[in-house]
Structures are given as C-alpha cells and as structure tokens.
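One structure is given below, encoded as structure tokens.
The values are calculated or read from the model by the stated rules, or taken from the named source; none is laboratory data. Values in this document were obtained by computation on a predicted structure and should not be read as measured data. Here the Cβ positions follow ideal geometry from the backbone for every residue, glycine too, while neighbour counts run over all protein chains shown. Areas reflect the complete protein model, heavy atoms only, side chains present, ligands, DNA and RNA absent. Shrake-Rupley method; radii C 1.70, N 1.55, O 1.52, S 1.80 Å.
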Amino acid sequence: MSDPFFHPISGQELPRFAGVPSFMRLPYLTPEDPKRAEVELGLIGIPWDAGTTNRPGPRHGPRQLRDYSTMMRRVNPASGLDPFALCNCADLGDVNPNPVDLHDTLERVTTFYKAVAAQGIAPMTAGGDHLTSLPVLRALGADGPLGMIHFDAHTDLYDSYFGGYRYTHGTPFRRAIEEGVLDPRRVVQIGIRGPMYDGEDIEWGRAQGVRIVTIEEFFERGIADVMEEARDILGDAPTYCSFDIDFIDPAYAPGTGTPEVGGPTSFQAQQCVRALEGLNLIGADLVEVSPPFDPSGGTAWLGVNIMFEIMCVLAKSLADRR
C-alpha cells in the first residue's frame, strides 16, 4: 500500500476546478524535496516540439494535460486497478527545454531522466513531440537495450529529413536502435498507416527485426490476438511504452500535428493499453497532443485518460516487482 501523502486530492475534498493543477492532483515535488526519494512512479512534462516538421504545438501539451488530468479519479473500472494505491506517485514537474537549441534540450532531458532513474523512479512522461522519447530512452536504456511497445500511426524510423537532418519527430526510434538503447527484436509497433514518402522506414525497421503491425492487420486479426503476440515478443525483460495520440483516429483525437484517418476508437485504444498488464514496464510516454489543433480540449482529455490507463499497468508492474 502506498503512502497516503502520494494520493491524489479527491474532488469531494477540493473541487476539480480549484487549486493549482498538477498531474492527477498529485503532490508536486521539486528535485530538492526529500519526499522525492520515496517516489516510485513520477509524472513528468516535456514541453518541447523542436522536432516537429510541419504543424507545431505539442510544446503546449503538458500544461493542458495537467489541467485536464484534474478530472481523473482513482480506480480503473475495467481492471479494478488503483495506481495510487499500488505505488507512490507524484508530479515531478517539467524538464526545462531550450526552445532555440535542439541538441541542448536533448542533453537536458537525458540528464533529468538519468537522475530520475538513479532514484529508482519509473517515469510517465507527457510530451512534447515524439523526438522527446529519444533522450528518455538514452537515460533508461543506458545499462542495456530496452524493448518497446509503440502505438502510433507512424513508425518514426525515418533516417533523416530535409537533406540529412537526423533529429526530428519522425526519426527517434531509428536513432535509438542505432545507439543501442532499443533492441529492435523486442520492438513492436502497432497501428501504422497513412500515405508514405517511400516506405524506406518500414523496410529498414523490418530488416532490423522490428515487428510492425499495420492498421489493416490490426483490424483483421483483432486486439486480443495482436496484443498476445506483442506480449510474447516483449517477454519479461524491461520494456518501455510509447503512445502517440495519433494512433487514435482523428475523429476522436484531432488535436495532433500529423493526423491519419482510419485509426482505432478511444475505447479500442484503452483496450490495447489494458492488454499490457503483465509486461515488465519500466516507463512510458504519451506524446503529440497539440492543443492549438483542438480548441475543444477533447484530445487532451483523451490523452490524460490514456495516461491513466498506462499508469495502471505501469504501477501494477512496479508493485509486482517488489
């Protein structure tokens, strides 16, 4: 049972529209706070989108996700899991980005997450564009390559953009594989779809051993069958979960920079994440929520619900390893 200090404030104690927003209404702890040493699952924002190549905006995602997360409650009705009872959870704040220097920000993120990992904290990250995953993986995979379950409309395995630029939101996992922080034979990508530049990213990924599940295969086989195969591939070794909000059809999540039609529903996305229970999860992210493209806020509300679903299986994984 977790320490009550790390439990979210109930909406029956303080109205959800009141108070200073933190992720899931959890305590906010600075790096200097002594209670940080007791945290097991830390929520972190990376408000940065310098890897975006077309429609920017995810730098504003963490702030809106924090605000909308105040509406969340404790218990998952499908699984019965209460992540806040399973482990000590807290909001660890944002990584401070350098909006005019991409490589400086990459270093800042890696340094931040190395400190988090050294304290034994499993991170749940809110991005930011998908390039934010690379420096996180550099920190978490420093001692050996990780497996990854990746929900996305795109592989993010491109080599470069605009004549050789190698660091964009379309290249993070190619770099991570090349740098040895991801084991391509334990990477599963689900939901891939949409018009392509040339297909080289898919060819390269499959040549490395990445399991790429297109949206056509996903729907033909069904969620249960696809997720069973994913669990078999990932096994019981350390695994990271990366969830791009554009995995979900833009009818449900229009607030993202690179939407692709023909994706799963909100409920199907929840089912996919719930099927991760039992994996050895060591961290996760939810990226590419772009508030300027959804004035209603519905995409952010969906995003925090997916974050909660991931937190449930992540917290269960942490509790099972005690």
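Things to note:
- Of the criteria (1) surrounded by fewer than 22 Cβ atoms within 10 Å (Cβ to Cβ); (2) in a helix (DSSP H, G or I), which one residue 56 fails: (2)
- In the set (1) without any contact (Cβ under 8 Å) to a residue 40 or more places away in the chain; (2) buried (at least 24 other Cβ atoms within 10 Å of the Cβ); (3) not hydroxyl-bearing (Ser, Thr, Tyr), residue 196 fails one condition alone, (2).
- Residues in segment 171-189 that are part of a helix (DSSP H, G or I) and open to solvent by 10 Å² or more (accessible area, probe 1.4 Å): 174, 177, 178.
- Matching entry among 50, 18 (being out of contact with any strand residue (DSSP E or B) (no Cβ under 8 Å at 6 or more places or on another chain), of a type in the set (A, V, I, L, M, F, W, C), open to solvent by less than 50 Å² (accessible area, probe 1.4 Å) and free of Cβ contacts under 8 Å to residues at least 60 places away in the same chain): 18
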